[in-house]
1. Once the mean 1/r over all distinct Cα pairs of the chain is inverted, what Kirkwood radius in angstroms do you read off?
2. Which peptide among 348-355, 109-116 comes first, and what is the full order, when sorted by highest mean count of other Cβ atoms within 10 Å?
3. Sum -39500 (n - 2.57) across every DSSP H segment of at least 4 residues in the chain, then divide by the residue count to get the 222 nm mean residue ellipticity, nearest 500.
4. Given 125, 222, 188, which one lies farthest toward the positive end of the charge dipole of the chain, if we put +1 on the Cβ of every Lys and Arg and -1 on the Cβ of every Asp and Glu?
5. Below 8 Å, C-alpha to C-alpha, sequence gap of six or more: please give me the relative contact order for segment 424-491 in percent.
6. Divide, for segment 5-241, the radius of gyration over alpha carbons by 2.2 N^0.38 Å, where N is the residue count.
7. Tell me, Kirkwood radius of segment 77-126 from alpha-carbon pair distances, in Å?
8. Within the set 146/362; 10/213; 278/405; 45/405; 278/417, which residue pairs have Cα atoms separated by over 24 Å?
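Bear in mind these aren't lab numbers, they're just calculated from the coordinates by the rules spelled out. From a predicted model like this one, the values you see are computed outputs, not experimental measurements. Here the Cβ positions follow ideal geometry from the backbone for every residue, glycine too, while neighbour counts run over all protein chains shown.
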Amino acid sequence: MSNAAVLQMKGICKSFFGVEVLHNVDFGVDKGEIMGLCGENGAGKSTLMKILSGIHAQDAGEVIFKGSVIRRNATPLEMQRVGVSMIHQELILLNELTIAQNIFLCREPRGAAGLINFNRMNEDAARILSKLGEKIDPKRKVRDLKIAQKQMVEIAKAIAFNVELLVMDEPTSALTGKETKILFDLISSLSAQGIAVVYISHRLKEIIDVCHKVTVLRDGHFVATKNVADVTAHEIATLMVGREVKESKASDFPGDPNAVVLEVRGVSDDLLKDVGFKVRRGEILGFSGLIGAGRTELMEVVFGIRKPRTGSVFIEGKPVTIRSAIDAIRVDLGFVTEDRKETGLVLCRDIVDNANYVSWLKNPGMFKGAKATMENTRRIIDRLAIRCSSPAQNVSNLSGGNQQKVALSKWLLSGAKVLVLDEPTRGVDVGARQEIYQIIRELAAEGVAIVIVSSDLPEILSICERVIVMHEGRITGTLNASELSEAKVMYYATDV
Ligand SMILES: Nc1ncnc2c1ncn2[C@@H]1O[C@H](COP(=O)(O)OP(=O)(O)OP(=O)(O)O)[C@@H](O)[C@H]1O
Ligand SMILES: [Mg+2]
């Protein structure tokens with residue numbers, strides 16, 4: 001044990017319903033150290049950290065924190081008291097409470113008579129948020145926040161109290177440029193104060209940028225711990241998957257430029273300013289831009305979720321009015337939303353229900369007991385390599401990346417003509433990401449028009465045949481794959 005070790009986990013084993021998901025895992029972090037934790041979807045990263053933070057109890061093995069052995073059944077509140085704080089992969093804020101109430105939940109500042117001191121609570125919340133560069137009113141309800149803001153509230157909650165080890169489970173998957181930079185500065189300053197950080201991410205470049213060391217898990221086993229200075233992102237990916245991962249690069253759209261499937265014209269409202277675009281049969285079109293550029297809002301207009309002041313939508317040249325998700329499904333439009341927990345999945349249902357949901361709506365002949373339903377489900381589990389114990393597993397028990405694959409699968413089984421994917425690989429590991437890209441390409445080859453909204457530039461570069469860049473509600477540039485570079489996209493995204 002190094003003198004500086006703040007945490008040591010030794011020989012950790014954990015099974016769920018008889019399936020072992022962690023096998024004899026060793027993991028340690030020193031004071032002030034920033035440790036990356038990597039592995040494929042379902043490798044056991046979140047589970048290991050949930051054991052540390054008191055959510056799960058290990059079946060075997062020992063957790064030693066600041067030199068003392070932690071009681072096996074320690075609760076999350078006990079672990080918080082000794083200084084372990086965790087920011088969860090799936091946001092767990094209470095929508096009906098205010099930002100400040102969420103930050104101080106169960107730990108509210110109280111006055112002499114034992115009553116909650118709301119003024120102090122709101123002031124403290126505002127102070128922590130401003131440290132994170134957020135100027136939101138702490139008295140606002142969490143339900144009204146955008147997903148990136150919710151993520152910042154989770155971070156504020158985690159650092160509001162004395163913390164000696166902070167676990168961040170994919171903190172940036174909902175963030176882009178500016179917030180990520182603020183977060184990285186925060187992590188560095190925590191580390192300089194001697195606070196240890198465990199940083200889980202599928203964005204390997206971030207691991208290289210922000211961490212001192214990285215530990216890789218594969219299939220519940222410890223693979224290696226390396227100094228970040230000694231490895232490349234490519235080598236980490238290889239350790240994660242156990243084989244070489246090839247990066248791809250898109251080329252220009254080869255199909256018929258006149259075969260327009262979806263056209264959007266002249267959309268304007270408070271945010272969007274005269275936006276229009278076309279996507280063709282078999283084309284993979286990307287939308288890039290910073291948070292707040294209006295990409296998600298534009299897609300919401302297409303799907304009738306948002307009502308614009310002006311604007312129209314055409315499918316194969318015919319004007320359509322879409323007022324609800326059902327209307328969209330009827331004209332063969334599919335939408336994979338960015339917030340899988342709120343709108344993408346029915347968490348309390350199993351994989352079969354979630355994967356077949358859309359095809360059941362369209363197709364009264366299909367139902368849960370139908371043979372084709374089970375065959376389709378098994379095929380999709382195979383095709384997307386969804387890691388699960390069976391098709392009857394509840395979606396809420398799947399690892400984050402596997403949930404994303406299920407959210408995608410219901411549209412793959414639906415026979416859509418146009419598929420809009422908002423952040424399709426958020427939280428998906430490098431290997432599975434390439435599988436999803438491959439599936440997107442296959443769908444395009446079958447004639448499906450694909451629209452991808454993504455904040456991940458390498459993702460845009462590796463699959464999109466054409467990219468539209470937006471800035472503050474306007475389209476600022478359109479680029480073909482052959483003229484595409486990160487620098488050009490950033491140029492239009494910031495509209496310098
Ligand atoms: N509460 C639970 N009940 C049953 N199985 C579970 C539960 N929690 C996790 N699992 C299973 O344990 C395995 C590891 O999951 P975990 O969430 O730790 O993966 P992960 O490495 O965090 O993946 P990701 O990158 O997708 O977030 C998965 O196969 C998952 O289905
Ligand atoms: Mg996880």
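1. Value: 23.9 Å, from the Cα pair sum.
2. Ranked by mean Cβ neighbours within 10 Å, highest first: 348-355, 109-116.
3. -9500 deg cm²/dmol
4. Positive-end residue among those listed: 125.
5. RCO, segment 424-491: 22 percent.
6. Details: Rg = 17.9 Å, N = 237, 2.2 N^0.38 = 17.6 Å.
Taking the Cα Rg and dividing by 2.2 N^0.38 Å, one obtains 1.02.
7. That comes to 12.3 Å for segment 77-126.
8. 146/362; 278/405
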